[in-house]
Amino acid sequence: MLIKKAAEIRVSEITPQWLYVNRRRFLTGVLGVTAGALAGRTLKELAWPMQKVQAGSKLNVAQKSAFSTGEAVTPYDNVTHYNNFYEFGTEKEAPAEKAKNFRTSPWSVKVSGLVDKPRTYSVEELMQLAPLEERIYRHRCVEGWSIVVPWVGFSLSVLLKEVAPQAKAKFVAFESFYDLGQMPEARHAGIPLPYVEGLRLDEAMHPLALLCFGMYGQTLPNQDGAPVRMVLPWKYGFKSIKSLVKIKLVEKQPPTTWNLSSPNEYGFYSNVNPTVDHPRWSQAKERRLGEFFRRPTLMFNGYDQVASLYSGMDLRKNF
Ligand SMILES: Nc1nc2c(c(=O)[nH]1)N[C@H]1C(S)=C(S)[C@@H](COP(=O)(O)O)O[C@H]1N2
Ligand SMILES: [Mo]
């Protein structure tokens, strides 16, 4: 039993998913599973076997992304016990404790607004849209700490293309799940909730913008935004909205939670920028969780490939 399990894991881990899928199809043929068993399922559903989305379950990661940094990955315990998730409390250790019983299944994400093909997806359906990649990204919180995380997901652009944005769509608005019944700590969050975020459509279409279902090879822990969140490595961490339930394409720049809360401290763009101080502290340096010495913060958090999105813009004004 143990041996069989290990063998299964190895196949999905070291084999590119395309090959793995073909092998599955091949085996299905060999084993003579009747066409009837497959009837009614689309080719896409077959291509990426449904994975039940439960916290802590293993994900079939198809490939490591070329966008990954080679820097040391931050220990899992730091990433799961030093969180910002104000719906579950404002202390860093609170989300790990208070989100323990958060119900993340069943879960769906409504994609609407200025699109030709609006649709509500179950999180399982979302995960079928493309092979899952592991992307090791730097993540810089506006508070001055940073982490390096092996996230699992694929570019948000995959989903946006699927719903076919209309020409009038210029921005993407995101909204988190919100339920005081499950999130009693949210009463003391001190920010307007539900948590909302936004991107310009071209930012949202950038391949670095990750629709994220997991980390460290597994589904997301609740405190890190289960079952699906955004990860935007060139922006301060608060743009990376957790536990997503709504995505809406809109014409005008949408409101964003931290900007609503303190507009002079948190802008819409929130690009990591060591030359623009927060009104109450410098942004020039950061502390990697688990490390003692601080290191310099890089423009766009080191993701220079996004620079062209902002050419001609004053990034001091548009902070
Ligand atoms: N819904 C929601 N999303 C959120 C937050 C939050 O409080 N609520 N905090 C943000 C902030 S400030 C940061 S730094 C990151 C932290 O992600 P992590 O806890 O997985 O490291 O989540 C962001 N997404
Ligand atoms: Mo943050």
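The values are calculated or read from the model by the stated rules, or taken from the named source; none is laboratory data. Just so we're clear, the structure is a prediction, and the values are computed from it rather than from any experiment. Positions of Cβ are backbone-derived with ideal geometry, glycine not excepted, and every protein chain shown enters the neighbour counts. Side chains are part of the model used for accessible areas, which takes the heavy atoms of the whole protein and leaves out ligands, DNA and RNA. Shrake-Rupley method; radii C 1.70, N 1.55, O 1.52, S 1.80 Å.
Here are the numbers:
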| read-out | value |
| --- | --- |
| So PRO192, is it in contact with a helix residue (DSSP H, G or I) (Cβ under 7 Å, 6 or more places away or on another chain), assigned to a loop (DSSP other than H, G, I, E, B) and under 21 Å from TYR121 (Cβ atoms) | no |
| Test: residue in region 248-257 that is open to solvent by less than 10 Å² (accessible area, probe 1.4 Å), within 15 Å of ligand 2 (Cβ to nearest atom) and in contact (Cβ under 8 Å) with a residue 12 or more places away in the chain | yes |
| Any hit, region 250-268, residues being small (Gly, Ala, Ser) and either at positive phi or within 17 Å of the chain's Cα centre (by Cα) (or both) | no |
| Inter-residue pairs, beta-carbon under 7 Å, first within 13 Å of ligand 1 (Cβ to nearest atom) and in region 142-171, second among the polar types (S, T, N, Q), 6+ apart | ILE147/THR74; ILE147/ASN78; VAL148/THR69; VAL148/THR74; VAL149/THR74 |
| PRO192 vs. criteria farther than 30 Å from PRO131 by Cα and either away from ligand 1 (no atom under 14 Å from the Cβ) or surrounded by 21 or more Cβ atoms within 10 Å (Cβ to Cβ) (or both) | no |
| Residues of region 232-247 that turn out to be farther than 13 Å from GLU203 by Cβ, within 16 Å of ligand 2 (Cβ to nearest atom) and either of a type in the set (A, V, I, L, M) or in contact with a Phe, Trp or Tyr (Cβ under 7 Å, 6 or more places away or on another chain) (or both), as a count | 4 |
| Among the candidates VAL158, VAL163, VAL228, VAL152, residue that is under 26 Å from SER311 (Cα atoms) and either of a type in the set (A, V, I, L, M) or within 16 Å of ligand 2 (Cβ to nearest atom) (or both) | VAL158 |
| Condition met for PRO296 (more than 14 Å from ligand 2 (Cβ to nearest atom), open to solvent by 20 Å² or more (accessible area, probe 1.4 Å) and more than 29 Å from ALA169 (Cβ to Cβ)) | yes |
